[in-house]
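Take a look at the structure set out below.
Just so it is clear, none of the values below were taken in a lab; they were calculated from the coordinates. None of the values given here were measured: they were computed from a predicted structure. Cβ coordinates were reconstructed from backbone atoms using ideal geometry, including for glycine residues, and neighbour counts include every protein chain displayed.
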Amino acid sequence: MMEFLQSHTSVIYQPGFDSPYYSGINPYTLGFAMYQDIRRMCEHPTDEDRQWFPEIAGTDWLTAVKFAMSSFKDESFILQYLSPKVIRDLKLFSIMDDDQKEDLLVPAIHDENGYRTIREILAAQYNLGNREPNVQIYSIDRRGDRSLTLRHQQHNRKPLGDSTDEVLKHLHRLWGFDIHLETLQGDQLIKTHHVPPKGEHADGEYPRLDMAVVHL
């Protein structure tokens, strides 16, 4: 029993914001707190619970938990069930780091005006569409140099990661011809990548994936 309690406590432990070992919200801490809160709202609902969650306040907790587990994924679960109490207990607030402004902004804290904003922002962090870059094939020059052009549609001005060049080099090896990547913010072209770089065709650094028929 003690081993289980120690393991459980370690899993749901939320390190401080300045921890050198972990950055961000522990999803197990958040999930465990929310499921505990669903049971609390069912068994001992407050006026706040009845206002925010009238569909489950005072109902059977096991039915409510099973429905939440089977019907929602991370993002939708947070949007549906993150309560003001959990926001207060975890002391959640929002910080906006805008690269076009000198100061950090705090658009929402754990109060009446900030609950919905915090819930929406936190849920968006678990939305795969917001976390992964939107890169799609835009065109293939089949009648010319057979180059492949990709387009990256930026979300909230987030740049691509440091591994972009290596990924494009690998794609170049697979495709065998030039690769172009265009980054757009809306309809505006922000940045371009080219492999090989324009004007350079170093076969040693950017090898092609050539195929041949060999007779043995």
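Key figures
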| quantity | calculated |
| --- | --- |
| Rounded to 10°, Cα long-axis angle of helix 2-11 versus longest principal axis of the chain | 60 |
| Rg/Rh ratio calculated on Cα atoms of region 133-195 (Kirkwood radius) | 0.97 |
| Degrees between helix 61-71 axis and first principal axis of the chain (Cα, 0 to 90, nearest 10) | 10 |
| Longest exposed-site-free window of the chain, the sites being chymotrypsin sites (Phe, Trp or Tyr not before Pro) in a DSSP loop that have at most 16 other C-beta atoms within 10 Å | 94-176 |
| From phi via Karplus (6.51, -1.76, 1.60), per-residue ³J(HN,Hα) for region 140-153 in Hz, x at Gly/Pro | 10, 7, 6, 9, x, 8, 6, 6, 10, 10, 10, 10, 10, 8 |
| Ascending count of other beta-carbon atoms within 10 Å, so fewest first, for 11, 135 | 11, 135 |
| Loop trypsin sites (Lys or Arg not before Pro), region 23-96 (other Cβ atoms within 10 Å of the site Cβ: 14 or fewer; DSSP) | 73, 91 |
| Positive minus negative residues near residue 136 (Lys, Arg vs Asp, Glu; Cβ under 14 Å) | -1 |
| 22 Å Cα-Cα reach of residue 101 towards lysines, excluding residues that sit fewer than 8 places from it in its own chain | 158, 191 |
| Under Karplus coefficients 6.51, -1.76 and 1.60, residue-wise ³J(HN,Hα) of region 72-88 in Hz, glycine/proline x | 10, 9, 3, 5, 5, 5, 5, 4, 7, 10, 5, 9, x, 5, 5, 4, 5 |
| Proximal lysines to residue 66, defined as alpha-carbon separation beneath 24 angstrom and excluding residues fewer than eight positions away on the same chain | 85 |
| In region 58-130, GluC sites (Glu not before Pro) in a DSSP loop with at most 14 other beta-carbon atoms within 10 Å | 102, 112 |
| Backbone HN-Hα couplings from phi across region 40-56 [Karplus 6.51/-1.76/1.60, Hz, Gly and Pro as x] | 4, 5, 6, 8, 9, x, 9, 4, 5, 4, 5, 6, 8, 9, x, 6, 10 |
| The chain: antiparallel DSSP beta bridges as a percent of all, rounded to 5 | 70 |
| Along principal axes, Cα extents of region 24-151, largest first, whole Å | 70, 40, 23 |
| Volume of the Cα convex hull of the chain, divided per residue and given in Å³ | 269 |
| Long-range amide H partners of residue 190 with built H, under 5 Å | 183, 184, 185 |
